[in-house]
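Here it is, the structure, as structure tokens.
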Amino acid sequence: MKTFRNFASKHDFLIMIPWSMFLDIVLEWLSRHSLIEALKFVVQHPIPFLYNSFIIFVVYSVAILFRRRTFVRR
């Protein structure tokens, strides 16, 4: 666990990219009331999915400005 924490603190952007994509899938899942429909949306409309993920990523990238990044990310 400590090695992952060290990796996460050194490579924040690498961790935030899949995290923002995961959060976007969860948001699509909640808005469509079905995981299958959310995954269909991801496959059929990849550009809006990536754009939404990018917006989430930009919001989370503000955490890089703070010293205690793990506190801001949670």
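The values are calculated or read from the model by the stated rules, or taken from the named source; none is laboratory data. These figures come from a predicted structure and were not determined experimentally. When the accessible area is computed, the model is the full protein with side chains, heavy atoms only, and any ligands, DNA or RNA have been set aside. Shrake-Rupley method; radii C 1.70, N 1.55, O 1.52, S 1.80 Å.
Could you tell me whether the range 27-37 includes any residue that is on the phi > 0 side of the Ramachandran plot and modelled with pLDDT of 75 or more? Before the answer, list the steps.
Let us first name the residues in the range 27-37 that are on the phi > 0 side of the Ramachandran plot, namely 33.
Imposing the further condition that a residue be modelled with pLDDT of 75 or more reduces the set to 33.
There is at least one residue in the range 27-37 that is on the phi > 0 side of the Ramachandran plot and modelled with pLDDT of 75 or more.
Residues are listed down the side, and each one gets a yes or a no for (1) open to solvent by 100 Å² or more (accessible area, probe 1.4 Å); (2) farther than 17 Å from residue 14 by Cα; (3) among the charged types (D, E, K, R); (4) within 11 Å of the chain's Cα centre (by Cα):
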site	(1), (2), (3), (4)
30	yes, yes, no, no
35	no, yes, no, no
40	no, yes, yes, no
43	yes, yes, no, no
58	no, no, no, yes
